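In what follows, a structure is listed as C-alpha cells, so that the remarks can point back to it.
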Amino acid sequence: MAEVILRNVCKLFGKVPVVRDFSLNIADGEFLVLVGPSGCGKSTTLRLVAGLESLSSGEIYIGDRLVNDIHPRDRDIAMVFQNYALYPQMTVYDNMAFSLKMRKVPKREIDQAIRRTSELLRIDQLLDRKPGQLSGGQRQRVALGRSIIRNPHVFLFDEPLSNLDAKLRIAMRAELLELHQRLMTTAIYVTHDQLEAMTMGDRIVVMNEGVIQQVDHPETVYDHPVNLFVAGFIGSPSMNFLDCRILQNGDSLCAATDGLRLKIPAGKQARVQSYVGRDAVLGIRPEHIGLASDPARCDCLAGFTAVVRVVESAGSEKIVHARVEDHSLVARLDPHTRLKTGETVEFAVRMETVHIFDKVTGQTLM
Amino acid sequence: MSTPGSTIAAGKRAAAVVKTALFLTTILIWAFPVIWVIMTSFKARTDIFTLPPKIFFSPTVEHYVEAFLRSSDITRGIGNSLLVAGLTTLLTLLIAVPAGYAFARVTFRFRNQMSFFALISQMAPPIGLIIPYFFILSRTNMLNTYTGLIAIHMSLTVPFSIWLMITYFQDLPTSLEESAAIDGASPFTTFFRVVLPTVWGGVGVTAIFAFIESWNEFLYAVVLTGSRTKTVPVAIFSFLTTEESLWGPFTATGVSIMAPVILVALFAQRQMIKGMTLGATKG
Ligand SMILES: Nc1ncnc2c1ncn2[C@@H]1O[C@H](COP(=O)(O)OP(=O)(O)OP(=O)(O)O)[C@@H](O)[C@H]1O
Ligand SMILES: [Mg+2]
C-alpha cells in the first residue's frame, strides 16, 4: 500500500519532450486512469513510474521513498503489459512462480501463494498449460495473477484489455474493479479508451502531447471539461463544436452562427460578457439536443431547425446526424423517436449544459 | 446448360490445374539433377551411360559398397566433414547468439555500421579471398589443420548467423525482458531463463544453416586442406582422376553427402514455420 507522487516529471527522447512537467499525487488505494490519444505519453509516464525509462528531470516517490534511481525490481511495483508478456516457454505455474523464485521465497510458500491466487482468478485449472494454449481472457488473468501474487505496493496497467474482444473487455473491466476493491492496492491504469477511463477511474488524468489537461473524477471531467481538448476527447459520440460569435441582444447575450441563435442562460452571462462581439466555440453534448416537441425538454432555452441526414439506431438510443446551414450536429435521442432522413425537424438545446470555449486558447468559458 | 456459377467453378478448377502444373514443372527442373544423381548411384556400371538413359533398371548398391568400403578416403572425409562442420556450428553459435542479442537490444556506437559491415563481408566473392586466406594460414602453419579450416568456415557462417539471430531476437517483444526485470531477474537470468528458451527454434535454424554451409563448402576446403584434413566434398574427387572417372561411386558419395542436408532442410522448414514466440504476445 503506498501513495505515488510525481513531481515536475519530464521525459525527453533525444530532444523530443514526451512527458512535460507532470505533477500528480496518487492516493494510497486509488485507482487512477491515464487517458489520452495515441502517442500522448501515457505509456511513457507509466514506464517512468515502473523504472523502465529514466527521468530527464523531476522526482517520483512511491510510498515515502524517492525512487528515481531505484531499479524496477526494488520499487515494489507490478506491471501488466498490453501484450501480457507471459514467458512463453514456462507453464502458467512457472510464470506465476518466477518473481517469487527470483526473490528466493521458499518453495512451499510459493506453492501456497499460487494456489491462493489462481483460485481467486479462476485459473487453477490452467496451471500446467503454456501461455500459447490459453485464450486471450485466460492469458489476461494469468498476467494479472503474476502481478498480484507478490503483493506489490502499486499496480501498473498498460492497456491490459485492448487485445480482448468487446464483450470480454467489459467483463474483465468489472472483474478488475472487483479485484481492486478487494486488494485496495494503488493502481495506475493507462488506456486510450475514454469509456474505459470513465467507467474505471476513481480519478482520471486526461493527457495531450505529454501535458496533463485535467485531473478529476470522471463525472466532473465529463460535465466540466477545462478546455476544448478534454471536451472533445471525453464522451462518445463526441461533443458538437460550432464556431460562433457572442452577441448582445437587448439585455441578454446569445451565441450566434448561421441558422442558429442560442440564448445564453442569465446565470452564466457574466462569464462571457467580455467576449461580446468576439468569436468563440460553442460546445453541445449530443444528449443535450432534443426534439422541440418532446415535453421532457421543456426547460430548453433555445431552439433551431435542422435537416436529418443520418439516423443510427443503437437499440438503447438513436444517434441522429442533422444539418443546420453548414454545420452538422449529432444528437442522442430516445430510441423510439421516429425520424426520417431528409425530414426537417425542430430541435431544442438545453442551454444550461452548453459550453463556450475561447477560440484561441481553447479554455472553457462556461 | 452452363450457369454463371458453374463457369466460375470451372475457371477455378482450370486455374488450379495450371498452378499445379507450374508448380510441378518448377520442382522437376530443380529436382532433375538430384534425381539423376540418385538414379545413377544405384545403376550397375554398364547401365550408367546407355543412351537413351534407362529409367527402369535393376538397382544395385555396389557403388556404395565401393565408395565406403574399398577406399578409406570417403569415410575419413565424412569424419572430417562432421568434425569441421560440427565445431564450426558450435563456435558460430557461441558467437552469433550473444552478438545477435546485443545487436537487437543494446544501442552502442557504430551499431548499424557494424551490422552492415557484417552483411557486406558476406557479399565478397570467396574466390577473391582465397589467396589472402592461403597466405595467412601458411604463415601461421595452419594449412591442412582443422583449426585453420574451421576458422575460415566461421568467417562464412558467423556474419550470416548473427543476422539471422538478430531477426529472432527482434521478434521478441521487449516487454518480456522488462517483465523479467520487474520480477527481479538479473540480465543474465533474464537471458538464460526467459530470452534464450524463447528463441531455441531460431538457434536451431541458425545451427542448421551454419552446419550446411560448412558441410557443403568446397572452394576453401580444396585449397586449404591436405590429405589428412580434407572434407568429403574434396575427397569425392578421388573418383575422378585423369585415368578413369568412377561415376558410380562418385554419385553414391554425392547422394550420401546430400541426404543429410535434404533431411535436415525438411526438418528445419517445420521449425522455421512453427516460430518460437508462440503465445508470448497477443494471440
Ligand atoms: N524509446 C523511445 N524513443 C523515442 N521516442 C519514443 C520512445 N518511446 C516512445 N516514444 C515517443 O514518445 C511518444 C509517446 O509515446 P507513448 O508510448 O508514451 O504514447 P502512448 O500515449 O502510450 O500512446 P499509445 O496509446 O499509442 O500507446 C510517442 O510519440 C512515441 O513515438
Ligand atoms: Mg501506450
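The values are calculated or read from the model by the stated rules, or taken from the named source; none is laboratory data. Because the structure is a prediction, the values reported are computed rather than measured. Here the Cβ positions follow ideal geometry from the backbone for every residue, glycine too, while neighbour counts run over all protein chains shown. Please note that ligands, DNA and RNA were not included when accessible areas were found on the heavy atoms of the full protein model with its side chains. Shrake-Rupley method; radii C 1.70, N 1.55, O 1.52, S 1.80 Å.
With respect to A:M96, determine if the residue is open to solvent by less than 10 Å² (accessible area, probe 1.4 Å), within 14 Å of another protein chain (Cβ to nearest Cβ) and either within 16 Å of ligand 1 (Cβ to nearest atom) or not hydroxyl-bearing (S, T, Y) (or both). It is true that A:M96 is open to solvent by less than 10 Å² (accessible area, probe 1.4 Å), within 14 Å of another protein chain (Cβ to nearest Cβ) and either within 16 Å of ligand 1 (Cβ to nearest atom) or not hydroxyl-bearing (S, T, Y) (or both). Inspection of region B:75-91 finds no residue satisfying the criterion of being open to solvent by less than 30 Å² (accessible area, probe 1.4 Å), more than 24 Å from the chain's Cα centre (by Cα) and in contact (Cβ under 8 Å) with a residue 60 or more places away in the chain. The residues of region B:144-176 that are open to solvent by 30 Å² or more (accessible area, probe 1.4 Å), over 21 Å from B:A85 (Cβ atoms) and either in contact with a strand residue (DSSP E or B) (Cβ under 6 Å, 6 or more places away or on another chain) or part of a helix (DSSP H, G or I) (or both), listed by number, are B:T167, B:Y168, B:Q170, B:D171.
From the list A:V211, A:V142, A:V154, A:V206, which residue is within 16 Å of ligand 1 (Cβ to nearest atom) and open to solvent by less than 40 Å² (accessible area, probe 1.4 Å)? Quick ask: steps written out before the conclusion?
On the way: A:V211 fails: open to solvent by less than 40 Å² (accessible area, probe 1.4 Å); A:V142 fails: within 16 Å of ligand 1 (Cβ to nearest atom); A:V154 fails: within 16 Å of ligand 1 (Cβ to nearest atom).
Residue meeting the stated conditions: A:V206.
Selection over region A:293-315 of residues that are at pLDDT 85 or above and either touching a Gly at 6+ places or on another chain (Cβ under 6 Å) or crowded, with 17+ Cβ neighbours inside 10 Å (or both) gives a count of 4.
Restrict the check to region A:113-134 and report whether at least one residue is within 13 Å of another protein chain (Cβ to nearest Cβ) and loosely packed, with under 14 Cβ neighbours inside 10 Å. No, region A:113-134 contains no residue that is within 13 Å of another protein chain (Cβ to nearest Cβ) and loosely packed, with under 14 Cβ neighbours inside 10 Å. If the condition is being surrounded by fewer than 18 Cβ atoms within 10 Å (Cβ to Cβ) and closer than 14 Å to A:C40 by Cβ, then region A:214-239 contributes only A:G232. Where residues in region B:177-210 are at the interface with chain A (Cβ under 9 Å from one of its Cβ atoms) and either aromatic (F, W, Y) or not in a helix (DSSP H, G or I) (or both), which of them is surrounded by the most Cβ atoms within 10 Å (Cβ to Cβ)? By that ranking, first place goes to B:A185. If you go through region A:1-43 and keep only what is near ligand 1 (Cβ under 10 Å from one of its atoms), in contact (Cβ under 8 Å) with a residue 40 or more places away in the chain and not in a strand (DSSP E or B), you end up with A:G36, A:P37, A:S38, A:C40, A:G41, A:K42, A:S43. Restricting A:P88, A:P160 to residues that are within 16 Å of ligand 2 (Cβ to nearest atom), touching a helix residue (DSSP H, G or I) at 6+ places or on another chain (Cβ under 8 Å) and either open to solvent by less than 10 Å² (accessible area, probe 1.4 Å) or touching a residue at least 60 places away in the same chain (Cβ under 8 Å) (or both) narrows the list to A:P160.
Within region A:62-84, count every residue that is open to solvent by less than 50 Å² (accessible area, probe 1.4 Å) and more than 16 Å from ligand 2 (Cβ to nearest atom). Can you show your working first?
To start, the set of residues in region A:62-84 that are open to solvent by less than 50 Å² (accessible area, probe 1.4 Å) comprises A:62-63, A:67-68, A:70, A:72, A:75, A:77-81, A:83-84.
Subset that is more than 16 Å from ligand 2 (Cβ to nearest atom): A:62-63, A:67-68, A:70, A:72, A:75, A:77-78.
Selection size over region A:62-84: 9.
May I ask you to list the residues in region A:43-61 that are more than 11 Å from every other protein chain (Cβ to nearest Cβ) and open to solvent by less than 10 Å² (accessible area, probe 1.4 Å)? Outline the logic, then answer.
As a first pass, look at region A:43-61 and keep what is more than 11 Å from every other protein chain (Cβ to nearest Cβ): A:44-46, A:48-49, A:54-61.
Of everything in region A:43-61, those that are more than 11 Å from every other protein chain (Cβ to nearest Cβ) and open to solvent by less than 10 Å² (accessible area, probe 1.4 Å) turn out to be A:T45, A:L46, A:L48, A:V49, A:I60.
Of all residue pairs spaced 6 or more apart or on separate chains, those with beta-carbon atoms under 7 Å, a first member in region A:321-342 that is more than 11 Å from A:N240 (Cβ to Cβ) and a second member that is open to solvent by 70 Å² or more (accessible area, probe 1.4 Å) are A:R323/A:R309; A:E325/A:D258; A:D326/A:D258; A:P335/A:S313; A:P335/A:S316; A:T341/A:R309.
Output the residue which, of all residues in region B:228-251 that are assigned to a loop (DSSP other than H, G, I, E, B) and free of Cβ contacts under 8 Å to residues at least 60 places away in the same chain, is least open to solvent (accessible area, probe 1.4 Å). Before you say what the answer is, go through the steps one by one.
Going residue by residue through region B:228-251, those that are assigned to a loop (DSSP other than H, G, I, E, B) are B:228-231, B:241-244, B:246.
Narrowing further to those that are free of Cβ contacts under 8 Å to residues at least 60 places away in the same chain: B:241-244.
On the way: B:T241: 60, B:T242: 138, B:E243: 153, B:E244: 96 Å².
That would be B:T241.
Here A:S54 does not qualify as within 26 Å of the chain's Cα centre (by Cα) and closer than 30 Å to A:N227 by Cβ. A count restricted to region A:236-248 and to residues that are out of contact with any Lys or Arg (no Cβ under 8 Å at 6 or more places or on another chain) and assigned to a loop (DSSP other than H, G, I, E, B) stands at 2.
When A:S56 is tested against (1) at pLDDT 95 or above; (2) away from ligand 1 (no atom under 16 Å from the Cβ); (3) farther than 29 Å from A:G132 by Cβ, only condition (2) is not met. Just give me the residues in region B:45-74 being open to solvent by 40 Å² or more (accessible area, probe 1.4 Å) and assigned to a loop (DSSP other than H, G, I, E, B), in sequence order. Result: B:F49, B:T50, B:L51, B:P52, B:P53, B:K54, B:I55, B:F56, B:F57, B:S58, B:P59, B:V61. Here B:L266 clears all of (1) open to solvent by 50 Å² or more (accessible area, probe 1.4 Å); (2) within 15 Å of B:G79 (Cα to Cα) except the condition numbered (2). I need the full set of residues from region B:101-141 which are free of Cβ contacts under 8 Å to residues at least 12 places away in the same chain and charged (D, E, K, R), in order please. Across region B:101-141, the qualifying residues are B:R109, B:R111, B:R139. Out of all the residues in region A:20-41, is one or more among the small types (G, A, S), more than 16 Å from ligand 2 (Cβ to nearest atom), closer than 20 Å to A:V80 by Cα and buried (at least 20 other Cβ atoms within 10 Å of the Cβ)? No. Hey, any hits in region B:31-44 for a residue that's β-branched (V, I, T), surrounded by fewer than 10 Cβ atoms within 10 Å (Cβ to Cβ) and out of contact with any helix residue (DSSP H, G or I) (no Cβ under 6 Å at 6 or more places or on another chain)? Looking through region B:31-44, none of the residues is β-branched (V, I, T), surrounded by fewer than 10 Cβ atoms within 10 Å (Cβ to Cβ) and out of contact with any helix residue (DSSP H, G or I) (no Cβ under 6 Å at 6 or more places or on another chain). Consider region A:273-292 and keep the residues that are at pLDDT below 90 and of a type in the set (A, V, I, L, M). The one that is least open to solvent (accessible area, probe 1.4 Å) is A:L291. The single condition among (1) open to solvent by 60 Å² or more (accessible area, probe 1.4 Å); (2) closer than 16 Å to B:I182 by Cβ that A:V4 does not satisfy is (1).
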